[in-house]
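Peer 1: Once you've had a glance at the structure underneath, I'll fire off some questions.
Taken together, the values in this text are just the output of simple stated rules run on the coordinates, not laboratory data. Note that the structure is predicted; figures quoted are calculated from it, not measured. Don't worry about glycine lacking a Cβ; one is built from the backbone with ideal geometry, like all the others, and counts go over all protein chains shown.
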Amino acid sequence: MRIVYPSPAESSVAAAYVAPIGGPHDDRPWVQLCMVSSLDGSTVVDGTSGALSSPNDTAVLAQLRSLAEVVLVGAGTAAGEGYGPPKTPGQRIGVVTRSGSVDLDTDLFRSGAGFVVTTTTTDIDTSSLDGDLDVVRAGADEVDLTGALEQIRERYGAGVVQAEGGPRLNAALADADLIDELALSTSPGIVGGDGPRLTRGGPPIERAYELVQLAIDDDQFLFQRWRRRR
C-alpha cells in the first residue's frame, strides 16, 4: 500500500490505520463507517460485498474493527454477510432492526457477543436463544440512533463504534449526522446492475467531509479516510 496523501510513503495497513481519526464526543462514541464500493457506486455484487473486496480491503476492515469496542450493523447485512462472533476479545456487535426480524439462532448471538438495537415498541422473539438477550432500545416508531449510541457508550464503555452497513443503516446514521469518519475502499471496476449506493432510503441531506488520507495498492484499489467537516 502506498499513501499518496497527505505525505507520500510506503505503508502497511496496520500503520495506515493505526488509530481512529478522532475521539469520542462528550455524549456518544466516535463513529467510523467502513465500506467498499465499485467505481459506479454499487456496494454489492449479487447481494454481498465479497466480490468487490480484496485482501487489502479485508485487512482494512479487520484493522478498523480492532480499534472499536462495538460494531454496528443492519439486520439484513448481518444475515446476508453471515456475521459471527468478533475476533477482538470483549468486542460486541449490535444488530440494528426496526421490525424485530433477527435470527438469534446464530453463532453471533449464541456466543453472547451479539446484541440488538431496536425501538421501545418492537417485540423480539427470543424463543430460539438460550439465556437472556441484550437489547438497546431507543425511539418509538424508528430507531433513535443518537439515543442508542448514547446508551452503547454508557453500557459498553464504547469510545469508538464501527458501522458496517447496510445502506439503510448508513442513511439513517448520515441523516442523524452521526458519521464522524468514512473509511471507503474503491474497487477498480464497474459492476452495473441496480445495487445500492453507500446510503439508500434516507432523505436528501448535505454532509461535508474532508479527505484525511488516500492510499493505493498494486491492485489499483483506492483507500480513503474522510472526516466529517464540522
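Peer 1: Local charge sum around SER37 (other residues, Cβ-Cβ under 11 Å, Lys/Arg +1, Asp/Glu -1)?
Peer 2: -1
Peer 1: Starting from 0.36 nm per residue, how many nanometres of slack lie between ALA208 and ASP194 once their C-alpha separation is accounted for?
Peer 2: 2.5 nm
Peer 1: As I understand it, the dipole of the chain uses +1 on the Cβ of Lys and Arg and -1 on the Cβ of Asp and Glu, about the Cα centre. Which of VAL143, TRP226, TYR156 lies farthest toward its positive end?
Peer 2: Sorting the options by dipole projection puts first TRP226.
Peer 1: Okay, next question. Expressed as a fraction of 2.2 N^0.38 Å, the rule-of-thumb size for a compact globular protein of N residues, what is the C-alpha radius of gyration of the range 145-196?
Peer 2: Its radius of gyration relative to the 2.2 N^0.38 Å reference: 1.43.
Peer 1: Among GLU10, GLU69, which comes first, then next, by fewest other beta-carbon atoms within 10 Å? Walk me through the numbers on the way to the answer.
Peer 2: Numbers: GLU10 9, GLU69 18.
Going from sparsest to densest Cβ surroundings: GLU10, GLU69.
Peer 1: 5 Å is the cut-off here: which amide hydrogens, built 1.01 Å from N in the peptide plane, fall below it relative to VAL117, excluding neighbours closer than 5 in sequence?
Peer 2: VAL95, VAL96, THR97, VAL136
Peer 1: From the helices alone, meaning DSSP H stretches of at least four residues, give me the mean residue ellipticity at 222 nm for the chain, per-run term -39500 (n - 2.57), in deg cm²/dmol to the nearest 500.
Peer 2: -5500 deg cm²/dmol
Peer 1: Could I ask something else about it? In whole angstrom, note down how far apart the Cα centers of the range 1-80 and the range 210-230 are.
Peer 2: The two parts, judged by their Cα centres, are 10 Å apart.
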